[in-house]
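Below is one structure, written out as structure tokens; comments come after it.
The values are calculated or read from the model by the stated rules, or taken from the named source; none is laboratory data. A quick note: this is a predicted structure, and the numbers were derived from the prediction, not measured. Neighbour counts are summed over all protein chains in view; Cβ atoms, including those assigned to glycine, are modelled from backbone coordinates with ideal geometry.
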Amino acid sequence: MSPPYRVEFLPSAAREFGALPRAVQLQLVAAVDGLAREPRPDGAALLSGTGSERIWRLRVGACRLLYQVTDEVLLVLVVRIADRREVYRSAEMKALLKRIRQARK
């Protein structure tokens, strides 16, 4: 059995998580715990990006959890949590990629 991945949140993703109703937060906690064991579970989809900018999506109820996986250091970085209607807007995705690049510096 491989060691678990460490899960971290971008500050913006942590704020998005905190703004959600408690019931949704509990669903997301279970999903995040699962990502620590298996970062690419059934149902996860690769959205975009290449190399270190790859973004994965996991459906959790009406929410979408966007995250990146860095296998070299066993890290799952949650970059966005949003309602399915909001998460894929192109302007939002561009801003998200900018925040990710800044966080890596």
Which one of these is in contact (Cβ under 8 Å) with a residue 40 or more places away in the chain, surrounded by 14 or more Cβ atoms within 10 Å (Cβ to Cβ), part of a loop (DSSP other than H, G, I, E, B) and of a type outside the set (Ser, Thr, Tyr): 20, 35, 28, 77?
20
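Give the residue that is modelled with the lowest pLDDT, with candidates limited to residues of the stretch 80-105 that are part of a strand (DSSP E or B) and touching a helix residue (DSSP H, G or I) at 6+ places or on another chain (Cβ under 8 Å). Break it down into steps so the answer makes sense when it comes.
In the first step, residues of the stretch 80-105 are kept if they are part of a strand (DSSP E or B); the result is 80-83.
Subsequent filtering for residues that are touching a helix residue (DSSP H, G or I) at 6+ places or on another chain (Cβ under 8 Å) retains 80-82.
On the way: 80: 91, 81: 93, 82: 88.
Within the stretch 80-105, the match that is modelled with the lowest pLDDT is 82.
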